[in-house]
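Structure record follows, encoded as structure tokens.
The values are calculated or read from the model by the stated rules, or taken from the named source; none is laboratory data. All figures in this text were calculated on a predicted structure; none of them were measured in a lab. Here Cβ is always computed from backbone atoms with ideal geometry, including for glycine, and neighbour counts include all displayed protein chains. Keep in mind that these areas ignore ligands, DNA and RNA; they rest on the heavy atoms of the full protein, side chains included. Shrake-Rupley method; radii C 1.70, N 1.55, O 1.52, S 1.80 Å.
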Amino acid sequence: MNLDDTLYSLNCFDMMKSKLLASELKIKTVKDLLEYYPYKHVEQIKIDSLSDISPKYVGSVIIITGVLKAIDIVTTSKKKKYLQGILLSSSQKQLQLIWFKRLDSIIKLYQSNCTYTISGELSVFKDKYTIVHPTIIKNDSPVILSFYSLTDKLKKRGINDTFLRQMYQKVFELDIDIPENIPQELCFKYKLMSRYEAFKEIHIPSSSKTLSLAKRRLKFEELFLMQYKMYKSKLSYSNSIGYVMSDVSLVKRFYEHLPFQLTNAQKRVIKEIYHDMMSGHRMNRLLQGDVGSGKTIVAFISMLVAISNGYQVAMMVPTEVLAEQHYKKISELSKQFDITTVLLTGSTTSSQRNQISEFLYSGIINIIIGTHALLNDSLQYKKLGLVIIDEQHKFGVTQRAKLSAINGSLQPHTLIMTATPIPRTLAMTMYVEYDISTIDELPNGRKQIKTVHFYESNRLRMFGFVQQQLDLGHQVYFVYPLIDESDKINIKNLMDGYEAISRAFPGMAISIVHGAMNPKDKDFEMNRFSVGETKIMIATTVIEVGIDVPNATVMVIENADRFGLAQLHQLRGRVGRGSNESYCILMTDMKLSKQSRERINAMVKYSDGFTISNIDMKLRGAGDIMGEAQSGYVNLKIADINEDYEMMKVIKEEIKKITQY
Ligand code: ADP
Ligand code: MG
């Protein structure tokens, strides 16, 4: 019998139960079953004598042995029946046993004057120590009970905790082959329990000590396998050959006319990127840096490296507005050079597109900036050497891969950028195949955005403040939460907000943007706001990404308690992009949940993205954050990236030794 055998072949489960386990819990093989770990264990307390029972055990599950003196049916004054038994010990102390259900079958199970070992939760009923619905314990029954998360459907069909416990017992009575899957010397060095024993102990623990050893072994195994896979794929990436780009003549020229002094963090990541690009290996790098930390100029300098060496660059961004913004900025930065930059989006006409296609193929174009439109198969490059993806979290894994897979035998260097900072450990596991560069410093003189929390009752005061800012010629965002972009109720919310704001600021030109609008209209409205035609932008979170309107100084977030922390921080980053003092106003009702209040407080108190994301991780747990970032890489069953961080570090070192990485 081995781990890949199906459950059905074990002869422990009938066909119906095997199918249910497969459909409800994705348990198909013996391995799946063994890796379906209990979500909790409860230790039953063995009490030697009834005279030892005391109030401190009330609420605990106890195991106790005694002689059953009598067992009788009791009828209450309301004509209800229950079964009452008395367990006696030599000290003449008594324990009451009570059953409310299945009286007929239970009465047959017990005989007076026989000795029983029973277990159950100790309670007090009619002033007597009592166990309701005790279970009879056999000699070899486990002292620690495992509990599993099970669906209602499973429970209805008889697959409950008791059933599963019996199944695990049966499985371990069979002769299963459970091979080791981590190197022997590590098992030895870290005194790890064998895999066979660990599986057995996690389901059928013999003591709390062995249980914790089992947990340790299984966590070690899980983290080891995860990290080993990570290193292998990383190795295969860094082993892949890449274009050698060692000429930096354009970069040198650019450094003579820098628009501003680079921060130390920017200099550091530029070095890291340059090192990759000239190494002969293909670069696969994630650049993370808080909103406003200056990733664009870093991207531009890496473009210059590629162009100096005769290669073309493609930059992909998630929205048309952002593409246009980057196009303008990059054209501006490169005006002193003989560099041809083009823009390609869904709005590009087909004749323009054909022209671009031709110039790209002949090599006239150095830089192409665009949206998803870049993924169109008909585009052919002369010599694509660098791919940059901005706000990469808005793209799926396959989209990222597709752009890099474009043409040629060698794959281009790839730089992906994100403004959603995540703690380093998490980043390591989420972006397995990427090296990570971090800009952890904002340019000098950047003003902090003043963040305040207003209750609904202060709405008029908030409007008054917004009016002042509008009078100064500044622009303002109002953002509404939309859980589901097509949700009609939420759109109504937005429209109600729009009406209230129009009334509060008569005569002001207002833009409105939400996810249910078609992309053209959306981009049109965003553009009107970004050129200053409209002064107020009312939007859902569609504006969260990248948009840069330096004249906007106020971000009002309505129902701020309904946003996640990362999202709030992203939204706040839309202001404070110019030289003017900027503000973020978080609007909420008086009544807030504890978690919402903590989020709001964190926003008011901290402005640094890494601090915010650390708090976010503490509040929500790592799993949630990873889920949100659509990673899909890691699905840990027993280990916890936060809790087991130390173990992860140890394993990382060991893997380095093994792989000589
Ligand atoms: P993000 O990292 O959010 O993409 P940007 O690249 O858009 O940030 O930069 C934000 C603003 O800061 C831009 O206006 C940019 O010109 C400016 N900037 C970038 N680096 C520096 C620096 N070292 N000193 C001063 N201003 C900078
Ligand atoms: Mg940016």
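Applying the Karplus relation 6.51 cos²θ - 1.76 cosθ + 1.60 with θ = phi - 60° to the stretch 103-120 yields 3J(HN,Hα) values of 4, 4, 6, 6, 5, 6, 6, 10, 10, 5, 6, 9, 8, 10, 10, 10, 9, x Hz, where x marks Gly and Pro. Across the stretch 244-250, coupling constants 3J(HN,Hα) worked out from phi with the 6.51/-1.76/1.60 Karplus curve, θ = phi - 60°, read 8, 10, 9, 7, 10, 4, 5 Hz, and Gly and Pro carry x.
Our coupling estimate for the stretch 194-204, obtained by passing each phi through the Karplus curve with A = 6.51, B = -1.76, C = 1.60 and θ = phi - 60°, is 5, 5, 4, 5, 5, 4, 5, 5, 5, 8, 10 Hz, Gly and Pro reported as x.
Projected label points at SER240 and VAL604, each 7 Å from Cα along the beta carbon direction, are separated by 4.9 nanometres. Of the beta bridges in the chain, as assigned by DSSP with both residues counted there, near 35 percent are antiparallel. Near the amide H of HIS281, within less than 5 Å, lie the amide hydrogens of GLY242, all on another chain or at least 5 residues away, with H placed in the peptide plane. Legend: distances between Cα atoms for LYS19/LYS219; LYS189/LYS229; LYS219/LYS657; LYS26/LYS155; LYS219/LYS652; pairs beyond 18 Å are LYS19/LYS219; LYS189/LYS229; LYS219/LYS657. What a 1.4 Å probe finds exposed on the stretch 450-606 is 53% carbon and sulfur by accessible area, rounded to a whole percent.
Overall, the chain carries a charge dipole of about 1620 debye about its Cα centre when +1 sits on the Cβ of Lys and Arg and -1 on the Cβ of Asp and Glu, all other atoms neutral. Note on the stretch 254-405: Kirkwood hydrodynamic radius from all Cα pairs is 15.9 Å, rounded to one decimal.
Taking amide H as placed 1.01 Å from N in the peptide plane, ILE512 has its amide H under 5 Å from the amide H of ILE538, each at least 5 places away in sequence or on another chain. Annotation: amide H of GLN312 within the under-5 Å range of LYS383, LEU384, GLY385, LEU386, sequence separation 5 or more or interchain, hydrogens built in the peptide plane. Surface listing: HIS281, HIS474 arranged by accessible area from highest to lowest gives HIS281, HIS474, probe 1.4 Å. Of the GluC sites (Glu not before Pro) found in the stretch 115-194, those that fall in a DSSP loop while having at most 13 other beta-carbon atoms within 10 Å are GLU180.
As a ratio to 2.2 N^0.38 Å, the alpha-carbon radius of gyration for the stretch 450-606 is 0.96. Rounded to the nearest Å, what's the spacing between the alpha carbon centres of the stretch 150-218 and the stretch 80-147? Just the number, please. Distance between centres, Cα-based: 29 Å.
Computed with every protein chain present, the accessible area of LEU442 is close to 80 Å² [probe 1.4 Å]. Sorting 64-75, 33-44 by their mean Cβ neighbour count within 10 Å, with the most densely packed peptide first, gives 33-44, 64-75. Across the chain, the relative contact order, built from alpha-carbon pairs under 8 Å that are at least six residues apart, equals 11 percent. Figure note: ASP32, ASP290 ranked by solvent-accessible area, largest first, 1.4 Å probe, ligands and nucleic acids not counted: ASP32, ASP290. Placing unit charges on the Cβ atoms of the charged side chains and taking the dipole of the chain about its Cα centre, the candidate lying farthest along the positive direction among GLN184, SER582, SER105 is SER105. Value of Rg to Rh for the stretch 1-74, rounded to two decimals, is 1.24; Kirkwood radius and Rg both from alpha-carbon coordinates. Note on VAL604: accessible area approximately 70 square angstrom, rounded to 10, probe 1.4 Å, nucleic acids and ligands left out. Entry comment: accessible area of the chain is 49 Å² per residue, from protein heavy atoms only and a probe of 1.4 Å.
Based on DSSP H segments of at least four residues, each scored -39500 (n - 2.57), the chain has a per-residue ellipticity at 222 nm of -12000 deg cm²/dmol.
Local charge for GLY310 was computed over the other residues whose Cβ lies under 15 Å away, with Lys and Arg +1 and Asp and Glu -1, and equals 0.
The value of relative contact order for the stretch 450-606, using C-alpha pairs under 8 Å at least six residues apart, is 32 percent.
In the stretch 45-142, the inverse of the mean reciprocal separation of distinct Cα atoms equals 13.7 Å; this is its Kirkwood hydrodynamic radius. Put simply, the C-alpha atoms of the chain give a gyration tensor, and the ellipsoid matching it has half-axes of 60, 34, 22 Å, longest first. Of the GluC sites (Glu not before Pro) found in the stretch 548-627, those in coil by DSSP whose Cβ has at most 16 other Cβ atoms within 10 Å are GLU581.
Each of ASP175 and ASP377 was given a label point 7 Å from its Cα along the Cα-to-Cβ line. The distance between the two points is 5.5 nm. In the context of the full protein assembly, LEU250 retains an accessible surface of approximately 30 Å², using a probe radius of 1.4 Å and ignoring ligands and nucleic acids.
Sorting VAL124, VAL575 by accessible area puts them as VAL124, VAL575; the probe is 1.4 Å, largest comes first, and only protein heavy atoms count. Fully extending the segment from LYS31 to ASN444 would add 143.1 nm, taking 0.36 nm per residue of separation and subtracting the current Cα-Cα distance.
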